[in-house]
Amino acid sequence: MAKIQTLKSLKKEMLAVARNEREAPADAGETSYESQEVFESAEAIVRLLTPENRHLLSLIESHRPESVAELANLAGRAEPNVSRTLSKMAATGFVKLIEGAGRAKRPALLAHEVIIKINVLESKDVIAFA
């Protein structure tokens, strides 16, 4: 299970470590695919995770395409459209675009699950990927 932490809390923790006021967490050196406070709201993440875009994520997981062009072909979508969508998903932590053969980029899935913590009294949502 991913550690859920607000950006403010993470910053406070990192500053304390930098000032030698506390030890770094045991997992501090590990790669984390968590992304928090990337989205303004839960609605923003829902707008990105359309059925078509979730289908792309499913195709990446099941077929492991070697390029964006191959993924576009599998999805029956135009390559520029898929490329734009993947860029958004890479910027938000759903996928990673890995250098492939030539100029090709190979999409790799980073997140299988999204956890949204909604405080009904505030308009701030915390989003984490696992």
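The values are calculated or read from the model by the stated rules, or taken from the named source; none is laboratory data. Small disclaimer: the values here were computed from a predicted structure and weren't measured. Using ideal geometry, Cβ is built from the backbone for each residue, glycine included, and neighbour counts are taken over all protein chains shown. The accessibility values were calculated without ligands, DNA or RNA, using every heavy atom of the protein model including side chains. Shrake-Rupley method; radii C 1.70, N 1.55, O 1.52, S 1.80 Å.
If the segment from His112 to Arg47 were pulled out straight at 0.36 nm per residue, it would be longer than the present Cα-Cα gap by 21.7 nm. Legend: translational diffusion of the stretch 55-130 by Stokes-Einstein, Rh = Kirkwood radius over C-alpha pairs, 20 °C, 1.002 mPa s; D = 160 µm²/s.
Give me the percent of accessible area attributable to carbon and sulfur for the stretch 60-130, probe 1.4 angstrom. Result for the stretch 60-130: 51 percent of the exposed heavy-atom area is carbon or sulfur. Take 46-57, 80-91, 110-121, 12-23 and order them by the average number of nearby Cβ atoms within 10 Å per residue, most first; the result is 80-91, 46-57, 110-121, 12-23. By definition, a body whose alpha carbon gyration tensor gives a ≥ b ≥ c is oblate when a/c is 1.5 or more and a/b is not larger than b/c, and the stretch 52-95 fits this oblate description.
Solvent exposure of the stretch 61-117, expressed per residue, is 60 Å² of accessible area, with all protein chains present and a 1.4 angstrom probe. Across the stretch 94-99, coupling constants 3J(HN,Hα) worked out from phi with the 6.51/-1.76/1.60 Karplus curve, θ = phi - 60°, read 7, 9, 10, 9, 9, 4 Hz, and Gly and Pro carry x.
The Ser58 and Arg22 beta-carbon pair, evaluated with R₀ = 41 Å, returns a calculated FRET efficiency of approximately 0.50. Extension gain for the segment Asn73 to Val120, taken as residue separation times 0.36 nm less the Cα-Cα distance, is 12.7 nm to one decimal.
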